[in-house]
Amino acid sequence: MLILEISDVKKRYLAQGQEVMALAGVSLTLAPGEFVSLVGRSGCGKSTLLHLAGAMDFPSEGTVSIDGQQTTSLDDAALTTLRRRKVGFIFQNFQLLPTLSVVENVELPLLLAGEPQERTRSLEALAWVELSDYGNRMPHQLSGGQMQRVAIARALVHRPKLLLADEPTGNLDTTTGDRILDLLRRAAKDFNAAVLMATHSVESGRVTDRTIAMLDGRIR
Ligand SMILES: Nc1ncnc2c1ncn2[C@@H]1O[C@H](COP(=O)(O)OP(=O)(O)O)[C@@H](O)[C@H]1O
Ligand SMILES: [Mg+2]
C-alpha cells in the first residue's frame, strides 16, 4: 500500500497576469517507512509539491492520493479529516504559536481533532524528541533546534502516516540540523511514517533512503 501517490501533476499559478508553471508534470510515490528528499534550487517547485502532497492545495492537472484517497474527490469536511488524521507538516520557521506553552503547542492537533488523552500523548511526543523537561516553557525560551523538535513532536503527536517537512533545517546550524534529520529518519523507522523532506541542500538530501532531484517544475 502506498501512502502517497502523485500522478502527472501540473500546477499553474497566475501572478500579475502572468502564468507560472510551478509543476510541469510530476509523478512520485511514497511507501510507509520511507525517508525521501526532494532536492533542487529555490523556485523549482518543492514547496508547491509538498502543499499538494498534504492536501493543502490542489493540482491544476493530474491527481494526488493520500493513503488511497484522491484529494480532489473529497469535500471540505473530508479534507479536514484527512489532513488531521494522516498528515503532519514541519516548516522551516517552526510555526509554533507564541502564546501557547510547549506542551500546549504539541497537543493542539489532538484538541482540534477531538482526540482523547491529549496531555498524556503530547508529553509522550515531547519525550520522544527528548524535551520532557520543557513542556511548561514558552516557545521564545527555546533555541531554534529545540523549537524545531517541538514542531516535530506536534507534527507526530497524532501518528500521521505521512510527514512532510519543508526545508526543516534551513534556519539551523549544521550540527543542530543533523539532529533534526536524525529525528526525521527515526520517525520513519519508529512510526513507519512516509517522510518527504524538501531541501535545497544536497548534503541533507544524501542522508535519506532516496533522493528526488527537481529542476524547473520537473523531476530530473
Ligand atoms: N501562490 C503562488 N502564486 C504565484 N506563484 C507562485 C506561488 N507559489 C509559488 N509560486 C511560484 O512557483 C514556482 C515554484 O515555487 P516553490 O514551489 O515555492 O519553489 P521552491 O519551494 O522549490 O523554492 C516559483 O516560480 C514561485 O514563484
Ligand atoms: Mg520552498
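Which numbered condition in (1) closer than 13 Å to residue 39 by Cβ; (2) polar (S, T, N, Q); (3) within 16 Å of ligand 2 (Cβ to nearest atom) is the only one that residue 211 fails?
Looking at each condition in turn, residue 211 falls short on (3).
Filter the range 43-82 down to residues that are buried (at least 21 other Cβ atoms within 10 Å of the Cβ) and more than 15 Å from ligand 1 (Cβ to nearest atom), then give me how many there are.
Summing the residues that are buried (at least 21 other Cβ atoms within 10 Å of the Cβ) and more than 15 Å from ligand 1 (Cβ to nearest atom) in the range 43-82 gives 3.
Would it be correct to say that residue 166 is in contact (Cβ under 8 Å) with a residue 40 or more places away in the chain, within 16 Å of ligand 2 (Cβ to nearest atom) and touching a Phe, Trp or Tyr at 6+ places or on another chain (Cβ under 6 Å)?
Taking the combined requirement at face value, the residue satisfies it.
Would you call residue 211 surrounded by fewer than 17 Cβ atoms within 10 Å (Cβ to Cβ), within 19 Å of the chain's Cα centre (by Cα) and within 16 Å of ligand 1 (Cβ to nearest atom)?
Criteria met by residue 211.
Hey, can you tell me all the residues within the range 151-177 that are within 16 Å of ligand 1 (Cβ to nearest atom), touching a strand residue (DSSP E or B) at 6+ places or on another chain (Cβ under 9 Å) and of a type outside the set (A, V, I, L, M, F, W, C)?
Correct list: 166, 167, 168, 169, 170.
So which residues in the range 30-42 are under 25 Å from residue 190 (Cα atoms) and surrounded by fewer than 18 Cβ atoms within 10 Å (Cβ to Cβ), if there are any at all? Steps first, answer last, please.
Pass one, the range 30-42, residues under 25 Å from residue 190 (Cα atoms): 30-39.
Matches in the range 30-42: 31, 32, 33.
Counting only residues that are touching a helix residue (DSSP H, G or I) at 6+ places or on another chain (Cβ under 6 Å) and aliphatic (A, V, I, L, M), which one in the range 32-54 is farthest from ligand 2 (Cβ to nearest atom)?
Taking the candidates together, the pick is 39.
Do any residues in the range 100-127 that are in contact (Cβ under 8 Å) with a residue 12 or more places away in the chain have Cβ atoms under 8 Å from those of residues that are of a type in the set (Ser, Thr, Tyr), where the two are at least six apart or on different chains, and which pairs are they?
From the range 100-127, the pairs are 102/134; 103/122; 106/122; 107/122; 110/122; 123/132; 126/132; 126/134.
Determine if the range 105-115 includes at least one residue that is on the phi < 0 side of the Ramachandran plot, part of a loop (DSSP other than H, G, I, E, B) and either exposed (fewer than 13 other Cβ atoms within 10 Å of the Cβ) or touching a strand residue (DSSP E or B) at 6+ places or on another chain (Cβ under 8 Å) (or both).
no
From the list 8, 57, 67, exactly one residue is farther than 21 Å from residue 155 by Cβ and in contact (Cβ under 8 Å) with a residue 40 or more places away in the chain. Which is it?
8
Do we find that residue 89 is under 20 Å from the mean Cα position of the chain (by Cα), of a type in the set (Phe, Trp, Tyr) and either on the phi < 0 side of the Ramachandran plot or assigned to a helix (DSSP H, G or I) (or both) in this structure?
yes
Values in this text are rule-based calculations from the coordinates and carry no lab data. These numbers come from a predicted model, not from an experiment. Cβ coordinates were reconstructed from backbone atoms using ideal geometry, including for glycine residues, and neighbour counts include every protein chain displayed.
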